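Comments concern the structure below.
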Amino acid sequence: MKKLLYVIAHPGTIENSESLAVGQAFVDEWQVKNPTGTVKTINLFAEEPPYYTQDHFDLITKEKFSTITGNTLTPDEEKAFAKYAKYLDSFVEADTVLIANPMWNYFLPAELKQYLDLIQVSGKSFKYTDHGPVGLLSDKQVVHVQAAGGFYHNDPETAKEDLGSQYIDLVMKFVGLGKVDHVYVEGAAFVPDQAANILAAAKEQAKALADK
């Protein structure tokens, strides 16, 4: 049974968010193509992933370097770490991961940055070796939908200003997933008379990716 994980990193709704509208188009098409599949949705603004706090810093550090030190978590520490670990678990279990977010100030919402921190766990999504870290995940489709009011990805120079997409690429490569399919919904604020066409084209692109 195929599993789709939909990570929503937008505080809005389908009615007022282009990235969520396109994300939903992907989900709908994916469900048509995978009628027995399951969809798990994580709304990062609704549940807000736990941030690394001062109280848990030693615990997180111990877990992060456990594959180097050999110091594994105790049962009580595992219980405390569970609120962080559940995000990685659902990511690992998914066959397809869909991420939808707005581009904010050339980067990602803080909630999504924190989520990406939670899926980078030594011994589970990557490991340290004598030749540096090596990703442990594979055979997973990752689709990233991002909306921006202006145009960025129609020019190589302005595309460099999108640090969020570059960061997602880097994180996925770090955990062993080399390719991310990006769907950019851009320019509606600059050319509002073309907004409907921009949205429609992005939805078609997302549907095509759901058919893979």
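Values quoted throughout were computed directly from the atomic coordinates according to the rules given, and no laboratory measurement underlies them. Predicted model, so just to flag it, every value in this text is computed and none were measured. Glycine also receives a Cβ, built like all others from the backbone with ideal geometry; neighbour counts cover every protein chain displayed.
In percent, how large is the relative contact order of the chain, given Cα pairs closer than 8 Å and 6 or more residues apart?
26 percent
I'd like the antiparallel share, as a percent to the nearest 5, of DSSP beta bridges with both residues in the chain.
Within the chain, antiparallel bridges account for around 15 percent of the total.
Can you give me the distance in nm between label points at Thr158 and Asp76, each placed 7 Å from the Cα along the Cα-to-Cβ direction?
Calculated label separation equals 5.7 nm.
In terms of the Cα gyration tensor, with a ≥ b ≥ c the square roots of its eigenvalues, is the range 12-71 rounded because a/c is under 1.5, prolate because a/b exceeds b/c, or oblate?
oblate
I'd like the orientation of helix 163-174 relative to the chain: the angle between its Cα long axis and the longest Cα principal axis, in ° from 0 to 90, rounded to 10.
40 degrees
Which distance in nm do the two modelled labels at Ile68 and Glu93 give, with both placed 7 Å along the Cα-to-Cβ direction?
In this crude label model, Ile68 to Glu93 measures out at 3.1 nm.
Where a ≥ b ≥ c are the square roots of the eigenvalues of the C-alpha gyration tensor, would you call the range 46-124 rounded, which needs a/c under 1.5, or, failing that, prolate if a/b is larger than b/c, or oblate?
Here the range 46-124 falls in the prolate category.
Please tell me which of these pairs span more than 31 angstrom C-alpha to C-alpha: Lys113/Lys207; Lys62/Lys173; Lys3/Lys160; Lys33/Lys127; Lys79/Lys173; Lys124/Lys212?
Distance filter (> 31 Å) returns Lys3/Lys160; Lys33/Lys127.
Put +1 on the Cβ of every Lys and Arg and -1 on every Asp and Glu Cβ in the range 127-167; which of Phe151, Gly132, Ser165 then has its Cα farthest towards the positive end of the dipole?
Gly132
Please sort by residue number the trypsin sites (Lys or Arg not before Pro) in the range 1-96 whose DSSP state is loop and whose Cβ has at most 16 other Cβ atoms within 10 Å.
Listed in order of number, the matching sites are Lys2.
Could you state the number of Å between the C-alpha centres of the range 150-212 and the range 89-108?
Each part reduced to its Cα centre gives a spacing of 13 Å.
Semi-axes of the equivalent ellipsoid for the range 105-212, please: Cα gyration tensor eigenvalues, times 5, square-rooted, ordered largest first, whole Å.
Rounded to whole Å, the semi-axes are 30, 16, 11.
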